[in-house]
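The values are calculated or read from the model by the stated rules, or taken from the named source; none is laboratory data. Model, not experiment: these values are computed from the prediction. No Cβ is skipped: glycine too gets one built from the backbone with ideal geometry, and neighbour counts run over all protein chains shown.
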Ligand code: UDP
Ligand code: MG
């Protein structure tokens, strides 16, 4: 019999894990596979770990890893994919925002057609704060303009993959992980399912606005170097402009002499250039920071307990 691993990152999810487990257990027999749960406790500070211990005691199908601290969802997903032993692996959130009812359908698609992956995206963002959905849309617009790797708007981290694809994803041991990009970058045939946004079953979102902002910068830096080109282009343009200005000033001085005027315009030019130089340096700095972190080869996660 084939095996399906369900990878579930959990961070302070004491309220949602029991609901999640109950719901998935109910539909589990609709899938013709042996099901294995791979929970990742991402350094939770609530009762998450003890709930996972209990589930593990109750059922042979439940396994978990507990991190030594909070390493973030990306690290948790990576650990989960590494830990999963199934022929097929599905990654999903524990808050039921990724409807388990889709699991049998995903399983069937992978078995009846030539797809290697079934991914999901939400077509609405109902329930999310308006400012958050606005920024999310803007992010997808920007990154897709800049990057060759397609990052689908509204894509969830809810996807079922074949072993072959999972191995390809694990092989990519980057430190700065941006899963939506990695999944797209490794390729393979992906079928997209769309659904309406579902609100959390319980508990609260773990993503503050600031966390999401940092995550989106991460995505842009990891999947495009266009900002570096833009700063070079900006430099070239500024050189062109200053050359024209130089010619203009020389000719004007020859024709009209050199009255000492133009202090305000000089200050404007200096501050503008200073700003542009700092901007370009900053963009370079961001990439160098990523190189720095990548070359350190720090561990992506550290396990404190595993069962
Ligand atoms: N999560 C995690 N580590 C973190 C933040 C979140 O493992 O540092 C997990 C969380 O437990 C949940 C999933 O990632 O299973 C999605 O988080 P959440 O529902 O808070 O995000 P949202 O759906 O609001 O984007
Ligand atoms: Mg959620």
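Overview of results
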read-out	value
Residue within the range 217-232 that is within 16 Å of ligand 1 (Cβ to nearest atom), under 17 Å from residue 287 (Cβ atoms) and under 19 Å from the mean Cα position of the chain (by Cα) present	yes
Which listed residue is touching a residue at least 60 places away in the same chain (Cβ under 8 Å) and within 14 Å of ligand 1 (Cβ to nearest atom), from 19, 27, 31	19
Of all residues making up the range 23-32, the number that are out of contact with any helix residue (DSSP H, G or I) (no Cβ under 7 Å at 6 or more places or on another chain) and either in a loop (DSSP other than H, G, I, E, B) or within 16 Å of ligand 2 (Cβ to nearest atom) (or both)	1
Residue in the range 143-172 that is surrounded by the most Cβ atoms within 10 Å (Cβ to Cβ), counting only those that are part of a helix (DSSP H, G or I) and out of contact with any helix residue (DSSP H, G or I) (no Cβ under 7 Å at 6 or more places or on another chain)	165
Search result, residues across the range 200-243 that are in a loop (DSSP other than H, G, I, E, B), within 16 Å of ligand 2 (Cβ to nearest atom) and either within 27 Å of residue 177 (Cβ to Cβ) or touching a strand residue (DSSP E or B) at 6+ places or on another chain (Cβ under 9 Å) (or both)	200, 201, 203, 204, 205, 206, 207, 208
Residue, modelled with the lowest pLDDT, within the range 190-199, restricted to residues that are exposed (fewer than 13 other Cβ atoms within 10 Å of the Cβ) and part of a loop (DSSP other than H, G, I, E, B)	199
Checking residue 157 against (1) modelled with pLDDT under 85; (2) within 14 Å of the chain's Cα centre (by Cα); (3) within 15 Å of ligand 2 (Cβ to nearest atom), the condition it does not meet	(1)
Pick from the range 1-16, criterion more than 8 Å from ligand 1 (Cβ to nearest atom) and not in a loop (DSSP other than H, G, I, E, B), ranking: surrounded by the fewest Cβ atoms within 10 Å (Cβ to Cβ)	3
Residue in the range 192-199 that is within 30 Å of residue 107 (Cα to Cα), away from ligand 1 (no atom under 16 Å from the Cβ) and in contact with a helix residue (DSSP H, G or I) (Cβ under 8 Å, 6 or more places away or on another chain) present	yes
Strands (runs of 3 or more DSSP E) enclosed by the range 50-138 - at least 2 residues per element that are within 16 Å of the chain's Cα centre (by Cα) and within 16 Å of ligand 2 (Cβ to nearest atom)	117-122
Single residue of the range 68-118 satisfying the filter (more than 9 Å from ligand 1 (Cβ to nearest atom), closer than 22 Å to residue 212 by Cβ and surrounded by 19 or more Cβ atoms within 10 Å (Cβ to Cβ)) that is modelled with the lowest pLDDT	96
Selection status of residue 181, within 16 Å of ligand 2 (Cβ to nearest atom), within 25 Å of residue 80 (Cα to Cα) and crowded, with 17+ Cβ neighbours inside 10 Å	no
Complete set of residues in the range 204-216 that are away from ligand 1 (no atom under 11 Å from the Cβ) and either closer than 18 Å to residue 161 by Cβ or surrounded by 14 or more Cβ atoms within 10 Å (Cβ to Cβ) (or both)	216
Residue in the range 140-151 that is in contact (Cβ under 8 Å) with a residue 40 or more places away in the chain and more than 17 Å from the chain's Cα centre (by Cα) present	no
Any hit, the range 36-47, residues being at pLDDT 90 or above, more than 16 Å from ligand 1 (Cβ to nearest atom) and touching a strand residue (DSSP E or B) at 6+ places or on another chain (Cβ under 9 Å)	yes
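Rundown of residues vs (1) farther than 22 Å from residue 89 by Cβ; (2) free of Cβ contacts under 8 Å to residues at least 40 places away in the same chain; (3) within 16 Å of ligand 1 (Cβ to nearest atom), yes/no style:
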position	(1), (2), (3)
165	no, no, no
171	no, yes, no
202	yes, no, yes
240	yes, yes, no
